[in-house]
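Colleague: What follows is a single structure, and I will ask about it in a moment.
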């Protein structure tokens, strides 16, 4: 089961309103390489990991990703704080406002809603882990694009933190993948 | 040094998995020195807490972060006893810091809300303004 801790993995302390940046960062809330996709991907895949190491790693990274999803939500909330409808219209969030007001809805930066088809589960550990490694690389690339778009240090710092986590996760998934290649997949199945 | 958490635990002999100091690892988002990959000329900033409460909370976040990063490593290297010792020490420090913080400020874990009055609902929630 899951238990909630009333704290962030990394502090979000954004003081400057920036609706354009909010719209870009929303992509990590509901885009194809979002934290939501990552959490659901690993959470679903953990049920068919062949051994204890695999079950633990997928479970624990899925859990961490949910914390990152909350960080992204907090960033979007802070970046849109006190925004007027006029401002939202001007910054390209008028369409978003018509459906969602100032609520947080999982969409990408172009407004395309989240769909679970962003995620693959094959029941095959090697295929799933290959997907996971690619997903971490794609998320890293998205964070780099977001860092390129950002100008405020308070926004850049948590983005750098999240980008670095993708690198760590990629390496752990790769270690597990290499291990399964080495020992063969029969063990533990 | 800004944070008074002991950083003496990083003398992990295995150079391949050398750990960063707690605060550095946290700000970088990576406890493992060799695994760190920077981006362009960006370097993660240290956060200077504005109050004692934020400083205490940051220390808890740092310990929790280190525990999580070691957790992922240990998931697939359960035989690394040396790393497990570091994990154990961080986990013990975390428990202590958490208890001290919860007594002083506010409850972070529901099951610790046993000090006489139900306070779980009180603000701020983590996604609200932090003012670090």
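The values are calculated or read from the model by the stated rules, or taken from the named source; none is laboratory data. Small disclaimer: the values here were computed from a predicted structure and weren't measured. Backbone-built Cβ (ideal geometry, glycine too); neighbour counts: all protein chains shown.
Colleague: Being within 23 Å of residue B:28 (Cβ to Cβ), in contact with a helix residue (DSSP H, G or I) (Cβ under 6 Å, 6 or more places away or on another chain), away from chain A (no Cβ under 11 Å) and crowded, with 18+ Cβ neighbours inside 10 Å: is that true of residue B:87 here?
Modeller: It is true that residue B:87 is within 23 Å of residue B:28 (Cβ to Cβ), in contact with a helix residue (DSSP H, G or I) (Cβ under 6 Å, 6 or more places away or on another chain), away from chain A (no Cβ under 11 Å) and crowded, with 18+ Cβ neighbours inside 10 Å.
Colleague: Quick one: which of B:128, B:78 is within 11 Å of chain A (Cβ to nearest Cβ), free of Cβ contacts under 8 Å to residues at least 12 places away in the same chain, part of a loop (DSSP other than H, G, I, E, B) and closer than 20 Å to residue A:156 by Cα? I'd like the intermediate steps shown before the answer.
Modeller: Numbers: B:78 fails: closer than 20 Å to residue A:156 by Cα.
Answer to the check: B:128.
Colleague: Here's something else I'd like to know. Out of B:72, B:63, I need the residue that is within 7 Å of another protein chain (Cβ to nearest Cβ) and not in a loop (DSSP other than H, G, I, E, B). Which one?
Modeller: B:72
Colleague: What number goes with the only condition from (1) farther than 18 Å from residue A:61 by Cα; (2) away from chain B (no Cβ under 14 Å); (3) free of Cβ contacts under 8 Å to residues at least 24 places away in the same chain that residue A:127 does not pass?
Modeller: Failing condition for residue A:127: (1).
Colleague: Working only within region A:19-41, note down all residues that are in a loop (DSSP other than H, G, I, E, B) and surrounded by 20 or more Cβ atoms within 10 Å (Cβ to Cβ).
Modeller: Matches in region A:19-41: A:26, A:31, A:33, A:34.
Colleague: Identify, from the list B:97, B:117, B:104, the residue that is touching a residue at least 40 places away in the same chain (Cβ under 8 Å), more than 20 Å from residue B:69 (Cα to Cα) and either more than 10 Å from chain A (Cβ to nearest Cβ) or surrounded by fewer than 13 Cβ atoms within 10 Å (Cβ to Cβ) (or both).
Modeller: B:104
Colleague: So which residues in region A:1-17 are more than 12 Å from chain B (Cβ to nearest Cβ) and either out of contact with any helix residue (DSSP H, G or I) (no Cβ under 9 Å at 6 or more places or on another chain) or surrounded by 20 or more Cβ atoms within 10 Å (Cβ to Cβ) (or both), if there are any at all?
Modeller: Within region A:1-17, A:1 is the sole residue that qualifies.
Colleague: Find the residue count for region A:52-69, including only residues that are over 18 Å from residue A:119 (Cβ atoms), over 15 Å from the mean Cα position of the chain (by Cα) and surrounded by 18 or more Cβ atoms within 10 Å (Cβ to Cβ).
Modeller: Result for region A:52-69: 2.
Colleague: Restricting the search to region A:162-178, which residues are touching a residue at least 12 places away in the same chain (Cβ under 8 Å) and either within 27 Å of residue A:71 (Cα to Cα) or facing another protein chain (nearest Cβ under 7 Å) (or both)?
Modeller: Result: A:162, A:163, A:165, A:166, A:167, A:169, A:170, A:172, A:173, A:174, A:176.
Colleague: Could you grab me the full set of residues in region A:132-149 that are at the interface with chain B (Cβ under 10 Å from one of its Cβ atoms) and surrounded by 15 or more Cβ atoms within 10 Å (Cβ to Cβ)?
Modeller: If the condition is that a residue be at the interface with chain B (Cβ under 10 Å from one of its Cβ atoms) and surrounded by 15 or more Cβ atoms within 10 Å (Cβ to Cβ), then A:140, A:143, A:144, A:147 are the ones that fit.
Colleague: If we keep just the residues of region A:152-161 that are surrounded by 23 or more Cβ atoms within 10 Å (Cβ to Cβ) and more than 7 Å from every other protein chain (Cβ to nearest Cβ), which is nearest to residue A:9 (Cα to Cα)?
Modeller: A:158
Colleague: Could you check, for region B:45-66, whether at least one of its residues is surrounded by 18 or more Cβ atoms within 10 Å (Cβ to Cβ) and farther than 17 Å from residue A:8 by Cα?
Modeller: Looking through region B:45-66, none of the residues is surrounded by 18 or more Cβ atoms within 10 Å (Cβ to Cβ) and farther than 17 Å from residue A:8 by Cα.
Colleague: For region A:92-109, which residues satisfy the criterion of being farther than 19 Å from residue A:62 by Cα and either within 15 Å of the chain's Cα centre (by Cα) or in contact (Cβ under 8 Å) with a residue 60 or more places away in the chain (or both)?
Modeller: Filtering region A:92-109 down to residues farther than 19 Å from residue A:62 by Cα leaves A:92-105, A:107-109.
Listed by number, the residues that qualify are A:92, A:93, A:96, A:104, A:105, A:107, A:108, A:109.
Colleague: From A:49, A:1, which residue is more than 19 Å from the chain's Cα centre (by Cα) and at pLDDT below 95?
Modeller: The conditions single out A:1.
Colleague: Within region A:70-110, count every residue that is surrounded by 20 or more Cβ atoms within 10 Å (Cβ to Cβ), in contact with a helix residue (DSSP H, G or I) (Cβ under 7 Å, 6 or more places away or on another chain) and within 12 Å of chain B (Cβ to nearest Cβ).
Modeller: Qualifying residue count, region A:70-110: 5.
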